[in-house]
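Below: the structure, in C-alpha coordinates.
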Amino acid sequence: MNRPVHGNAMTKSELIARLAARNPHLYQRDVERIVATVFDEISKALATGHRVELRGFGAFSVKQRDPRTGRNPRTGEQVAVASKRVPYFKTGKDLRDRLNKEAARAAGLLPPEPADDDKK
(Lines give C-alpha, C1' and ligand atoms only; values in the text may rest on other atoms or scores of the structure.)
Protein backbone atom coordinates (compact mmCIF):
# COMPACT_ATOMS: atom_id res chain seq x y z
CA MET A 1 0.00 0.00 0.00
CA ASN A 2 2.27 2.80 -1.13
CA ARG A 3 0.70 6.22 -0.76
CA PRO A 4 1.66 9.34 -2.65
CA VAL A 5 3.96 11.62 -0.71
CA HIS A 6 1.75 14.70 -1.20
CA GLY A 7 -1.93 15.11 -0.55
CA ASN A 8 -3.04 11.97 1.27
CA ALA A 9 -2.50 11.52 4.97
CA MET A 10 -3.26 8.33 6.84
CA THR A 11 -6.18 8.84 9.18
CA LYS A 12 -6.58 7.19 12.57
CA SER A 13 -9.28 4.88 11.16
CA GLU A 14 -6.99 3.87 8.26
CA LEU A 15 -4.19 3.11 10.74
CA ILE A 16 -6.57 0.96 12.79
CA ALA A 17 -7.78 -0.87 9.67
CA ARG A 18 -4.21 -1.54 8.53
CA LEU A 19 -3.14 -2.81 11.96
CA ALA A 20 -6.24 -5.03 12.18
CA ALA A 21 -5.51 -6.48 8.73
CA ARG A 22 -1.91 -7.26 9.70
CA ASN A 23 -3.01 -8.83 13.00
CA PRO A 24 -6.02 -11.03 12.19
CA HIS A 25 -5.77 -12.68 15.62
CA LEU A 26 -6.92 -9.38 17.21
CA TYR A 27 -10.46 -8.04 17.16
CA GLN A 28 -10.92 -4.65 15.46
CA ARG A 29 -12.31 -3.18 18.70
CA ASP A 30 -9.13 -4.28 20.54
CA VAL A 31 -6.93 -2.63 17.91
CA GLU A 32 -9.03 0.55 18.25
CA ARG A 33 -8.56 0.46 22.03
CA ILE A 34 -4.79 -0.07 21.69
CA VAL A 35 -4.36 2.84 19.25
CA ALA A 36 -6.56 5.12 21.38
CA THR A 37 -4.62 4.20 24.52
CA VAL A 38 -1.23 4.89 22.90
CA PHE A 39 -2.37 8.28 21.57
CA ASP A 40 -4.00 9.10 24.93
CA GLU A 41 -0.84 8.31 26.89
CA ILE A 42 1.33 10.38 24.55
CA SER A 43 -1.11 13.29 24.88
CA LYS A 44 -1.23 13.03 28.68
CA ALA A 45 2.56 12.91 28.93
CA LEU A 46 2.93 15.99 26.71
CA ALA A 47 0.21 17.86 28.64
CA THR A 48 2.17 17.33 31.86
CA GLY A 49 5.41 18.54 30.26
CA HIS A 50 7.06 15.15 29.71
CA ARG A 51 8.90 13.96 26.63
CA VAL A 52 7.92 10.72 24.86
CA GLU A 53 10.67 8.89 23.00
CA LEU A 54 9.99 5.93 20.72
CA ARG A 55 13.43 4.57 19.81
CA GLY A 56 14.02 4.42 16.08
CA PHE A 57 10.82 6.39 15.38
CA GLY A 58 11.22 9.73 17.11
CA ALA A 59 10.53 11.88 20.12
CA PHE A 60 7.53 14.00 21.01
CA SER A 61 8.11 17.01 23.23
CA VAL A 62 6.57 20.38 24.06
CA LYS A 63 8.19 23.68 23.14
CA GLN A 64 7.37 27.06 24.61
CA ARG A 65 6.77 29.86 22.13
CA ASP A 66 7.44 33.35 23.48
CA PRO A 67 4.87 36.11 23.11
CA ARG A 68 5.28 38.12 19.94
CA THR A 69 3.68 40.73 17.76
CA GLY A 70 1.97 39.28 14.71
CA ARG A 71 -0.06 40.74 11.88
CA ASN A 72 -3.65 40.18 10.88
CA PRO A 73 -3.27 38.91 7.28
CA ARG A 74 -6.50 40.59 6.18
CA THR A 75 -5.97 44.05 7.57
CA GLY A 76 -2.22 44.16 8.18
CA GLU A 77 -2.99 45.37 11.72
CA GLN A 78 -0.50 44.41 14.43
CA VAL A 79 -1.82 41.86 16.91
CA ALA A 80 -0.35 40.67 20.21
CA VAL A 81 0.14 36.90 20.20
CA ALA A 82 0.41 35.34 23.66
CA SER A 83 3.04 32.78 24.60
CA LYS A 84 1.96 29.20 24.10
CA ARG A 85 3.09 25.62 24.33
CA VAL A 86 3.18 23.63 21.10
CA PRO A 87 3.84 19.95 20.39
CA TYR A 88 7.10 19.16 18.61
CA PHE A 89 8.23 15.95 16.92
CA LYS A 90 11.82 15.09 16.08
CA THR A 91 12.40 12.02 13.91
CA GLY A 92 14.65 9.24 15.10
CA LYS A 93 17.72 8.18 13.15
CA ASP A 94 16.18 4.94 11.83
CA LEU A 95 13.09 6.72 10.50
CA ARG A 96 15.14 9.56 9.01
CA ASP A 97 17.46 7.06 7.26
CA ARG A 98 14.49 5.09 5.93
CA LEU A 99 12.80 8.23 4.58
CA ASN A 100 15.98 9.45 2.92
CA LYS A 101 16.66 6.03 1.38
CA GLU A 102 13.17 6.00 -0.14
CA ALA A 103 13.61 9.56 -1.42
CA ALA A 104 16.98 8.64 -2.99
CA ARG A 105 15.36 5.62 -4.71
CA ALA A 106 12.54 7.81 -6.01
CA ALA A 107 15.11 10.24 -7.42
CA GLY A 108 16.92 7.35 -9.13
CA LEU A 109 20.03 7.71 -6.98
CA LEU A 110 19.75 4.17 -5.53
CA PRO A 111 18.80 0.91 -7.24
CA PRO A 112 15.22 -0.30 -6.62
CA GLU A 113 14.67 -2.53 -3.60
CA PRO A 114 14.52 -6.22 -4.59
CA ALA A 115 11.05 -7.80 -4.66
CA ASP A 116 10.05 -10.19 -1.85
CA ASP A 117 10.64 -13.17 -4.18
CA ASP A 118 14.26 -12.10 -4.75
CA LYS A 119 15.06 -11.91 -1.02
CA LYS A 120 14.82 -15.69 -0.46
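Could you tell me whether segment 18-66 comes out rounded, prolate or oblate from its Cα gyration tensor? Rule is a ≥ b ≥ c as square roots of the eigenvalues, rounded for a/c under 1.5, then prolate if a/b exceeds b/c, otherwise oblate. It is prolate, given that a/c is not under 1.5 and a/b is the larger ratio. Taking T91, T11, T75 as the candidate residues, the one with maximal mean-square fluctuation in a Gaussian network model of the chain, Cα springs under 10 Å, is T75.
Over segment 1-81, average the accessible area per residue using a 1.4 Å probe and give it in Å², no decimals.
84
Using the Karplus relation 6.51 cos²θ - 1.76 cosθ + 1.60 with θ = phi - 60°, the per-residue 3J(HN,Hα) values for segment 79-89 come to 9, 7, 10, 5, 5, 7, 9, 10, x, 9, 10 Hz, with x marking Gly and Pro.
Our helix-only sum for the chain, with -39,500 (n - 2.57) per DSSP H run of n ≥ 4 divided by its residues, gives a mean residue ellipticity at 222 nm of -12500 deg cm²/dmol.
What's the angle, to the nearest 10 degrees (0 to 90), between helix 12-22's Cα axis and the longest principal axis of the chain? Tilt of helix 12-22: around 20 degrees. Normalising the average separation of contacting C-alpha pairs (under 8 angstrom, six or more residues apart) by the number of residues puts the relative contact order of the chain at 16 percent. Split the accessible area of the chain by element, probe 1.4 Å, and carbon with sulfur accounts for 53%.
The values are calculated or read from the model by the stated rules, or taken from the named source; none is laboratory data. Because the structure is predicted, anything quoted here is derived from the model rather than measured. Quick note on the areas: whole protein, heavy atoms, side chains included, nothing else; ligands and nucleic acids left out. Shrake-Rupley method; radii C 1.70, N 1.55, O 1.52, S 1.80 Å.
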